[in-house]
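The values are calculated or read from the model by the stated rules, or taken from the named source; none is laboratory data. All values reported here derive from a predicted model rather than from experimental measurement. Here the Cβ positions follow ideal geometry from the backbone for every residue, glycine too, while neighbour counts run over all protein chains shown. We work out accessible area using only protein heavy atoms, side chains counted, and drop any ligands, DNA or RNA first. Shrake-Rupley method; radii C 1.70, N 1.55, O 1.52, S 1.80 Å.
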Amino acid sequence: MGSCQLSGSATQLAACIVASLPVFMAGIVLGWPSPVMEYMSAGRAPLSLTSTQISWMVACIDIGNFAMAVPAGWLMDRIGRKYAVATSSPLMFAGWMFILFGRQAWCLFVARLLQGAAVGIAWVVVPAYVGEMASIQIRGKLSLLVQIGYALGLLFSYSAGWLLGDYTALTVASACVAVVSGALFLFLPESPYYLMLDGRPNDAATCLWSLRSYTDSDLQTELLTVKHSISDDRDKGSVRDLLNRDRRPLVIVIVLAVLQMACGASVLEAYAGSIMSGTNISANASAVYLGLVVLVAAVPFALVVDRCGRRPLMIVSCFGTAACHGAVATVLWRRDVVNSSWQLLFWPIAGVQFFINIGLMPLLSVVQCEYFPSDTRALADTAVVIAVTITSTVMITIYQPVADAFNVSANFAVYSAASIAGGLFCCLFMPETKQKSFAEIQMDFHKTKRQDNNGVQKQCDYQQI
């Protein structure tokens, strides 16, 4: 029996690793501008951009991401999670070809728009796919693959850009990742939840059997759980259902999505090098070291997410991030101190990255899958991506004006305050979902709603959701 469980877990792990490759590719394209801007400034790129064109090149990712958020949610419910994930590979590859052969600014703009669309698919579809493929016991740990994939993608760009030192070599290496990913996607199984939603219970049973490797009775039990978690009517899920029936979980995940970017996560990715300027450590070196910190944060997350739960981890993440942001703000305020030792600034920033990545970053993808039934999960994922994209754009856009008007430290004081507010929000409103099936989580949300409205707790039959 132990060997069967190991086999089932290994199969789930393999499927979720392959499914997380779009997020890995998203990390690559988001980290790509860092070494490329250095190539351009040193005259080692086949084209050169003005500062305005560089800003637009970076922003095109968010534009493509935003534009694809709604179609990606529609795709995953119409053609399935597997094929929706697979569409990210040709979009990424097409983008790299524009970058490889393009010699004008508009080629990079088109490339980044295409890759931004692939990023939108990654953030909408992959968290849902991983959550639906994983068994209850290891769902939290496997959801970590989304964040690890993203961190590894960033580290790939930083490290390859640093070691290869060549525009064309970096582009070819990145394009090869898209080709290999596209080939691996052919072997992905479809989500059992989507198969049941699509009216194919026999295929769902076959998929579960291959993923779990358990007894007939266990198979029947999980099949019933899957059936109870989805809608009997494929077209039932609508924006009205999301805003009315699922309003409470929607509010929670939107707040968490805004908090994720309001705590400065996107700013650190974009401005880590400039923040460390004036110290005796290079921008490339600091970027690689901070990327390694993100990976180190995966260890405590994996150890405690399915033991201690999502809520305590999120609370620790928020308050730890607030404390480290406060330290960064203090050091930047006394910039003369930084010049004497780069470590006084580096370690608080590393602390921010650590605490963000033990909760705020990875847990959003976990709860956005857990909080919603299958018929509105795609819509909820779309709403989360839109919220993250808008907040990220705002935070990156206002960073420099705030730094110019006041001081760089003012930004980090704001991030600290936002993290404290987020910690209080999680203490008051975030429910615990560890070791619960999707159906049980929906029952908890529904019972809370009935209790709030009627003063009594009523049981809900979620077979109709």
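I need the per residue convex hull volume for the chain, using only the alpha carbons, in cubic angstrom as a whole number.
Given the Cα convex hull of the chain, per-residue volume reads 139 Å³.
Near Leu164, within a Cβ-to-Cβ distance under 15 Å, what is the net charge of the other residues, with Lys and Arg +1 and Asp and Glu -1? Walk me through the intermediate numbers first.
Working: positive: Arg44; negative: Glu38, Asp166.
After counting each charged neighbour, the total is -1.
Ordered by residue, what ³J(HN,Hα) values in Hz, to whole numbers, does segment 89-96 give under the Karplus form 6.51 cos²θ - 1.76 cosθ + 1.60, where θ = phi - 60° and Gly and Pro are x?
Computed from phi, the couplings for segment 89-96 are 5, x, 5, 4, 5, 4, x, 5 Hz.
Keeping the other protein chains in place, figure out the carbon and sulfur percent of the accessible area of the chain, with a 1.4 Å probe. Kindly include the intermediate steps, with their values, before the conclusion.
Numbers: 12240 of 18490 Å².
Ligands and nucleic acids excluded, carbon and sulfur reach 66 percent.
Contour minus end-to-end for Ala42 and Leu164, with contour as 0.36 nm per residue of separation and end-to-end as the Cα-Cα distance?
Contour length minus the Cα-Cα distance gives 42.5 nm.
Please work out the ratio of the alpha-carbon Rg of segment 1-128 to 2.2 N^0.38 Å and round it to two decimals.
Ratio of Rg to 2.2 N^0.38 Å for segment 1-128: 1.26.
Angle check, please: helix 283-304 long axis (alpha carbons) against the longest principal axis of the chain (alpha carbons), in degrees 0 to 90, nearest 10.
It is inclined by approximately 20 degrees.
Tally Lys/Arg at +1 and Asp/Glu at -1 over every other residue whose Cβ is under 13 Å from the Cβ of Trp56; what's the total?
0
Specify the angular offset, from 0 to 90 degrees and rounded to the nearest 10, of the alpha carbon long axis of helix 408-429 from the longest principal axis of the alpha carbons in the chain.
Tilt relative to the chain: about 10 degrees.
What is the Cα centroid distance between segment 22-68 and segment 365-404, reported in whole angstrom?
Taking the Cα centre of segment 365-404 as reference, the centre of segment 22-68 is 21 Å away.
Show the residues, 5+ positions off or on another chain, whose built amide H is closer than 5 Å to the amide H of Lys434.
Long-range HN contacts for Lys434: Arg310.
Tell me, what is the per residue accessible area of segment 1-107 in Å², probe radius 1.4 Å?
On a per-residue basis, 44 Å².
When the helix-only estimate is applied to the chain (DSSP H runs of n ≥ 4, each -39,500 (n - 2.57), divided by the residue count), what is the mean residue ellipticity at 222 nm, nearest 500 deg cm²/dmol?
The helix contribution divided over the chain gives -26000 deg cm²/dmol.
Chymotrypsin sites (Phe, Trp or Tyr not before Pro), restricted to segment 395-434: which are DSSP loop and have at most 12 other Cβ atoms within 10 Å?
On the way: sites: Tyr399, Phe406, Phe412, Tyr415, Phe425, Phe429; in loops: Phe406.
Here the chymotrypsin sites (Phe, Trp or Tyr not before Pro) that fit, given the DSSP loop and packing criteria, are Phe406.
Which ³J(HN,Hα) values, rounded to whole Hz and listed in residue order, are derived for segment 251-262 from phi using the Karplus coefficients 6.51, -1.76 and 1.60 in 6.51 cos²θ - 1.76 cosθ + 1.60 with θ = phi - 60°, glycine and proline given as x?
So the Karplus estimates, Gly and Pro as x, are 4, 5, 6, 5, 4, 5, 5, 5, 4, 4, 8, 5 Hz.
Measuring with a 1.4 Å probe in the full set of protein chains, what accessible area per residue, in whole Å², belongs to segment 282-419?
Here the residues of segment 282-419 average 35 Å² of exposed surface.
Can you pick out the pairs among Lys82/Lys436; Lys227/Lys447; Lys141/Lys434 whose Cα atoms lie more than 18 Å from each other? Write down the numbers at each step before the final one.
Values: Lys82/Lys436 25 Å; Lys227/Lys447 20 Å; Lys141/Lys434 11 Å.
The answer is Lys82/Lys436; Lys227/Lys447.
Kindly express, to the nearest 10 degrees and within the range 0 to 90, the angle between helix 374-405's C-alpha long axis and the longest C-alpha principal axis of the chain.
Once rounded, one gets 20 degrees.
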